[in-house]
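> Handing you this structure, nothing more for now.
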Amino acid sequence: MKHCRNGALVFGLLCGGMAVHAQGPILGDAPTASTLPGSLPPRAPTPETTTGPNWYIITSRQTVQNSWNNVFAPTSSAVMGWTGSVVPDNPGTTNQSYKDAVATRINWVRAMAGVPGPITLDPTLSAKDQQAALMMSANMQLSHFPPMTWLDYSADGATAAANSNICAGFGATTDVGCVLGYVIDNGANNTTTGHRGNLLFPQTQTMGTGDVPQSGPASNPYYYANAIWVIQNSSVLLSPRPATRDTFVAWPPPGYVPYQVVGPRWSFMYPQADFSGASVSMTSNGAVVPVRMETLPANNCLPPFVCQPENSIVWVPNNQDTSSGLFTPVAPASDTTYMVTITNVKINGTPQTFNYSVTVFDPSTGGTPGPPAPASLSPSVSTGANQTLTATFNDPAGYQTLNVVNVLINTFLDGRHACYLAYSVPSNALYIVGDIGDPTQITGKVMDGTGTVSNSQCTVTLAGSSAMGSGTTLTLTLNLSFSTSFGGNKVIYTAAGDTSGNNSGWSTMGVHGVPPLPSTFPNPVGMSPSSGSTLNQTITFTYQDQTTAGNLQTVWALFNTALDGRAACYIAYYRPGNQVYLDPDNGDGNAATSIPLTGNNTVSNSQCTVSAQGSQVQSSGNTLTVTLAITFKPAFAGFKGVWLAAQTLNAVATSPWQSLGAEVIPAH
């Protein structure tokens, strides 16, 4: 059933049952609705950052294969590190790396499904989920409404149980956080695939997680258990539905999907859709695939109601068994494509038909050499009206298969009024894009060591410029000079494409300061060191006010591939309170967590940890220096830019963001 309020919202009662994978856990009946507790303390206003979708383009087999092998699969080895006990009652906690692994798995599933992310784990919700998981483990059963007579009962744990997906089971498990179990959603009572729908609800930005391992005597051990807080509060449910990659949310989603996450039940969700007269048909390689429809509740979430999860239709191809909690995925002999057609889906009363294809594949096999990619930039941080830059690009099939490599220098990734260059490997010619950024309006010259190419932003002198290839690597050296009208701190982006049409996409490789540099106040001055390539770094950021450092209120440092607060290491230092704030994975500054910059305090998100130990702040005249001990997470690996900003007391003046550093975060 679903609980409704006319004209407002509805919270779904999700269904549970048995779960997933051989030796998999039991899934509890999914939760009904409730209201989340208040948000974390507010923080000072932040300069506005851009945001964008964070989902995978899963029409590329290679993209999905890489994401499975490099993002999802490694989380299976996460160590829980539980610090609690069933007797005496102690919910304890788990390693931060384990919580990060749970979040990574959820975000991978959401990115595959094409819903916004990343979600962030709220420490308050996770602490309550930890109590809920302890109760499920101690009592060796599952309930969203545990009685007060239960062993290790707590009111916070009961609240979490009512708002969370819950699972439990015996034996060792590599399904960190039961995420695969919730996605597969097997079991006789899970015909609505509600646990899956909870994880994929588009409006969700915040969840919690609690985990307890199997413990106690070997002859009669306590369950291992998990609780993931999924039910959203009314403000989230009443917020506009964000854009999704497709107008619908399907699982398995349209595109390439690893076989390990394709269970017997397939689902298709669409907000406020009427599926009462809809039908599903499937084919594979021209042959009809038998489909068994699951019995669903009557559509009672039609306009003007809003529901969590969204309305869905669920079916089972090839009459597979869905009653057992034991699901053992079987690798296909080869990539297998299924065509799905769903007819008579009524959207606002109008019947619609949806067609899409799903290719189930084994991510441990096949694949082609990876696409070309930017490899390095030297120097990665520089300043001056004249600069020689050397960029390298790799193509696993050999540098000769490269077609065009690009270098774009601008305040943002924008080809307009930029120093936008393209080197054609087959013709050994360097081209520059005109001021309006139209790539069809270019001028160029063979790189023979004579002459120049230029626009209003920059000039490349071919004497001192070169392009050389060896093995899989192309090295492009550019002798650049910049116009004073182009002054300011600029970001250097590079990209590569090959003769087969594969393209790396843009990478944020470095920064360059073109004179004249910003001189208005407050002013982010720089960082030292200005670049780095290790997981553990101590970085000093410098900011200036026109008169005195005491006039500065909040200063920021943002590490990411773009000026985007989401999935970033997004740090603020609030000088009046000597506090460091770190934004959650969704970039919401109002939900940032903070620590006093004293003692052994730490603050973390999925990208980085900031430690008070090893950090310090100093003021001298009009200059504020903030030194922070930062540990980057391996999942944040890759080329990153660093942007700084500053704000005076009472937010009287806020600087623009300035690109002042570059990082290469290692994967281990």
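> Would you mind finding the one in 499, 593, 554, 561 that is surrounded by fewer than 21 Cβ atoms within 10 Å (Cβ to Cβ) and more than 29 Å from residue 57 (Cα to Cα)?
593
> Let me ask something else. With respect to residue 343, determine if the residue is surrounded by 14 or more Cβ atoms within 10 Å (Cβ to Cβ) and either under 28 Å from the mean Cα position of the chain (by Cα) or assigned to a loop (DSSP other than H, G, I, E, B) (or both). It would help to see each step written out before you state the result.
Values: surrounded by 14 or more Cβ atoms within 10 Å (Cβ to Cβ): yes; either under 28 Å from the mean Cα position of the chain (by Cα) or assigned to a loop (DSSP other than H, G, I, E, B) (or both): no.
No; evaluated as a whole, the condition is false for this residue.
> To continue, here is another question. Looking only at segment 267-297, which residues are under 26 Å from residue 203 (Cα atoms) and not in a loop (DSSP other than H, G, I, E, B)?
Those that are under 26 Å from residue 203 (Cα atoms) and not in a loop (DSSP other than H, G, I, E, B): 267, 268, 269, 274.
> Taking segment 60-94 as the search range and keeping residues that are among the hydrophobic types (A, V, I, L, M, F, W, C) and part of a helix (DSSP H, G or I), which one is farthest from residue 125 (Cα to Cα)?
64
> Taking the residues in segment 457-471 that are touching a residue at least 24 places away in the same chain (Cβ under 8 Å) and within 37 Å of the chain's Cα centre (by Cα) as candidates, determine which candidate is surrounded by the most Cβ atoms within 10 Å (Cβ to Cβ).
458
> When you go through 103, 133, 127 one by one, which is the residue that is part of a helix (DSSP H, G or I), closer than 17 Å to residue 584 by Cβ, in the same structural domain as residue 184 (by TED's automatic domain parsing) and over 15 Å from the mean Cα position of the chain (by Cα)?
Exactly one of 103, 133, 127 is part of a helix (DSSP H, G or I), closer than 17 Å to residue 584 by Cβ, in the same structural domain as residue 184 (by TED's automatic domain parsing) and over 15 Å from the mean Cα position of the chain (by Cα), namely 127.
> Ok, one more. Which ranges mark the helices (runs of 4 or more DSSP H) fully within segment 164-266 that have 2 or more residues being modelled with pLDDT of 90 or more?
The qualifying helices (runs of 4 or more DSSP H) are 179-184, 194-199.
> Test each condition in (1) touching a helix residue (DSSP H, G or I) at 6+ places or on another chain (Cβ under 7 Å); (2) of a type outside the set (S, T, N, Q); (3) farther than 17 Å from residue 542 by Cα for residue 624 and report the one that comes out false.
Evaluating residue 624 over (1) touching a helix residue (DSSP H, G or I) at 6+ places or on another chain (Cβ under 7 Å); (2) of a type outside the set (S, T, N, Q); (3) farther than 17 Å from residue 542 by Cα leaves (3) as the failure.
> Given the conditions (1) closer than 23 Å to residue 508 by Cα; (2) out of contact with any Asp or Glu (no Cβ under 9 Å at 6 or more places or on another chain), and given that residue 457 satisfies all but one, which numbered condition is not satisfied?
(2)
> Looking only at segment 405-439, which residues are touching a residue at least 40 places away in the same chain (Cβ under 8 Å) and under 20 Å from residue 490 (Cα atoms)?
405, 406, 407, 408, 409, 410, 411, 412, 413, 417, 419, 421
> Mind listing whichever residues of segment 136-163 are assigned to a helix (DSSP H, G or I) and free of Cβ contacts under 8 Å to residues at least 60 places away in the same chain?
Scanning segment 136-163 gives 139, 155, 156, 158.
> Output the residues belonging to segment 223-247 that are surrounded by fewer than 24 Cβ atoms within 10 Å (Cβ to Cβ) and either touching a Gly at 6+ places or on another chain (Cβ under 7 Å) or in contact (Cβ under 8 Å) with a residue 24 or more places away in the chain (or both).
Of everything in segment 223-247, those that are surrounded by fewer than 24 Cβ atoms within 10 Å (Cβ to Cβ) and either touching a Gly at 6+ places or on another chain (Cβ under 7 Å) or in contact (Cβ under 8 Å) with a residue 24 or more places away in the chain (or both) turn out to be 233, 234, 236, 237, 238, 239, 241, 242, 243, 244, 245, 246.
> Identify the single condition in (1) modelled with pLDDT of 95 or more; (2) in contact with a Pro (Cβ under 7 Å, 6 or more places away or on another chain); (3) of a type in the set (S, T, N, Q) that residue 83 does not satisfy, given that it satisfies every other one.
With respect to (1) modelled with pLDDT of 95 or more; (2) in contact with a Pro (Cβ under 7 Å, 6 or more places away or on another chain); (3) of a type in the set (S, T, N, Q), residue 83 is out only on (2).
> Condition first: over 21 Å from the mean Cα position of the chain (by Cα) and not in a loop (DSSP other than H, G, I, E, B). Can you find one or more residues in segment 580-589 that meet it? Even if it seems obvious, please write down each step before you answer.
From segment 580-589, those over 21 Å from the mean Cα position of the chain (by Cα) are 580; that's our starting set.
Then drop every residue that is not not in a loop (DSSP other than H, G, I, E, B), which leaves 580.
Yes, that holds for at least one residue.
> If you don't mind, another one. Quick test of your reading of the structure: residue 576 fulfils all but one of (1) more than 28 Å from residue 413 (Cβ to Cβ); (2) part of a strand (DSSP E or B). Name the failing condition by number.
Going through the list (1) more than 28 Å from residue 413 (Cβ to Cβ); (2) part of a strand (DSSP E or B), residue 576 breaks only (2).
> Can you pull out every residue in segment 280-289 that is modelled with pLDDT of 95 or more and exposed (fewer than 11 other Cβ atoms within 10 Å of the Cβ)?
Those that are modelled with pLDDT of 95 or more and exposed (fewer than 11 other Cβ atoms within 10 Å of the Cβ): none in segment 280-289.
> If residue 571 passes every condition in (1) without any contact (Cβ under 8 Å) to a residue 12 or more places away in the chain; (2) within 15 Å of residue 616 (Cα to Cα) but one, which one does it miss?
With (1) without any contact (Cβ under 8 Å) to a residue 12 or more places away in the chain; (2) within 15 Å of residue 616 (Cα to Cα) applied to residue 571, the lone miss is (1).
> Another question, if that's okay. Quickly run through segment 610-634 and pick out the residues that are of a type in the set (Gly, Ala, Ser) and under 28 Å from the mean Cα position of the chain (by Cα).
Once the filter is applied, which keeps residues that are of a type in the set (Gly, Ala, Ser) and under 28 Å from the mean Cα position of the chain (by Cα), segment 610-634 yields 611, 612, 615, 629.
> Right, here's the next one. Looking only at segment 60-84, count how many residues are aromatic (Phe, Trp, Tyr) and under 19 Å from the mean Cα position of the chain (by Cα). I'd like the intermediate steps shown before the answer.
Initially, segment 60-84 is screened for residues aromatic (Phe, Trp, Tyr), giving 68, 72, 82.
In the following step, the residues that additionally are under 19 Å from the mean Cα position of the chain (by Cα) were identified as 68, 72.
Total satisfying the criteria: 2.
> Working only within segment 87-98, note down all residues that are at pLDDT 95 or above and β-branched (Val, Ile, Thr).
Listed by number, the residues that qualify are 93, 94.
> Scan segment 614-647 residue by residue and report those that are on the phi < 0 side of the Ramachandran plot, assigned to a loop (DSSP other than H, G, I, E, B) and modelled with pLDDT of 95 or more.
Within segment 614-647, just 622 meets the criteria.
> Evaluate segment 456-468: report whether one residue or more is more than 28 Å from residue 371 (Cα to Cα) and outside any strand (DSSP E or B).
Checking segment 456-468: at least one residue is more than 28 Å from residue 371 (Cα to Cα) and outside any strand (DSSP E or B).
> Out of (1) at positive phi; (2) surrounded by fewer than 24 Cβ atoms within 10 Å (Cβ to Cβ), the odd one out for residue 193 is which?
Checking residue 193 against (1) at positive phi; (2) surrounded by fewer than 24 Cβ atoms within 10 Å (Cβ to Cβ), the one that fails is (2).
> Go through (1) outside any loop (DSSP other than H, G, I, E, B); (2) hydrophobic (A, V, I, L, M, F, W, C); (3) surrounded by fewer than 17 Cβ atoms within 10 Å (Cβ to Cβ) one by one and return the number of the condition residue 413 breaks.
The failed condition is (1).
> Within segment 433-449, does at least one residue satisfy the condition of being in contact with a Gly (Cβ under 6 Å, 6 or more places away or on another chain), in the same structural domain as residue 408 (by TED's automatic domain parsing), outside any strand (DSSP E or B) and at positive phi?
Yes, that holds for at least one residue.
> Regarding residue 513, is this residue touching a residue at least 40 places away in the same chain (Cβ under 8 Å), within 35 Å of the chain's Cα centre (by Cα) and not in a loop (DSSP other than H, G, I, E, B)? Spell out how you get there, then give the answer.
On the way: touching a residue at least 40 places away in the same chain (Cβ under 8 Å): yes; within 35 Å of the chain's Cα centre (by Cα): yes; not in a loop (DSSP other than H, G, I, E, B): yes.
Answer is yes for this residue.
> Separate question: Check 572, 567, 562 and return the single one that is farther than 12 Å from residue 643 by Cβ, aliphatic (A, V, I, L, M) and at pLDDT below 95.
None of the other options fit; the residue is 567.
The values are calculated or read from the model by the stated rules, or taken from the named source; none is laboratory data. Keep in mind the model is a prediction, meaning the values are calculated, not measured. Heads up, the Cβs are rebuilt from the backbone with ideal geometry, glycines too, and the neighbour counts pull from every protein chain shown.
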